Amino acid sequence: MQRVLVTYGTRSGSTAGIARRIADTLREDGLETEVLPPDEVADVAPYDAVVLGGALYMNRWHKDARRFSRRHARALREKPVWLFSSGPLDASASERDIPAVPTARRAERRTHARGHATFGGSLEEGAKGHLAKSILEEGRGGDFRDTARIERWAHEVADELKAPPEGV
């Protein structure tokens, strides 16, 4: 059985929730999956594949996701990697494909990622930070995570991992 690491950079927990939904879907598809924040991952060698996600803040991918992609770049290039972002606080990510922000694109190139998806984010009452409070005061908060879309994407990742190698 293949082992998959799902790791993520998050500020308020929304991206962690997406990571857990991805992991649950990969498990349903028969893959052994572990979910950890990047600072708890010392080595990616025990894993056959990696899914790395980052929350979007001010059009930048979360610093923990960026650092993880740099720290493990060499090892990640040797295994299948997928990236995801979470952040739009509207329905746009469910309505169309949103390309990776520049910092996530750099991680795509650095890791030779097989794909990237952007999912809607969530910003709920009690979120910390000046920007988050301002967004909530303007009434632009809410939960825009599309569980069905997240699960479809995770099933696609699982299908690709379980497919026989080319030429077999």
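Things worth noting here:
- A single member of 103, 118, 111 is closer than 25 Å to residue 29 by Cβ, more than 12 Å from the chain's Cα centre (by Cα) and of a type in the set (Ser, Thr, Tyr), and it is 111.
- Considering only residues in segment 27-38 that are farther than 18 Å from residue 85 by Cα and surrounded by fewer than 23 Cβ atoms within 10 Å (Cβ to Cβ), the one that is farthest from the chain's Cα centre (by Cα) turns out to be 30.
- Residue satisfying all of: in segment 121-135; outside any strand (DSSP E or B) and buried (at least 17 other Cβ atoms within 10 Å of the Cβ); modelled with the highest pLDDT among these: 121
- Within the set 18, 22, the sole residue that is of a type in the set (A, V, I, L, M), open to solvent by less than 70 Å² (accessible area, probe 1.4 Å) and out of contact with any Phe, Trp or Tyr (no Cβ under 6 Å at 6 or more places or on another chain) turns out to be 22.
- Residue match in segment 48-71 (condition: of a type outside the set (D, E, K, R), closer than 18 Å to residue 160 by Cα, surrounded by fewer than 20 Cβ atoms within 10 Å (Cβ to Cβ) and in contact (Cβ under 8 Å) with a residue 60 or more places away in the chain): no
- Segment 72-86, residues that are buried (at least 24 other Cβ atoms within 10 Å of the Cβ) and in contact (Cβ under 8 Å) with a residue 60 or more places away in the chain: 82, 84, 86
The values are calculated or read from the model by the stated rules, or taken from the named source; none is laboratory data. The model shown is predicted, which means the values in this text are computed figures rather than measured ones. Cβ atoms come from the backbone with ideal geometry, glycine included; neighbour counts cover every protein chain shown. Surface accessibility is based on the protein's heavy atoms, side chains included, excluding ligands, DNA and RNA. Shrake-Rupley method; radii C 1.70, N 1.55, O 1.52, S 1.80 Å.
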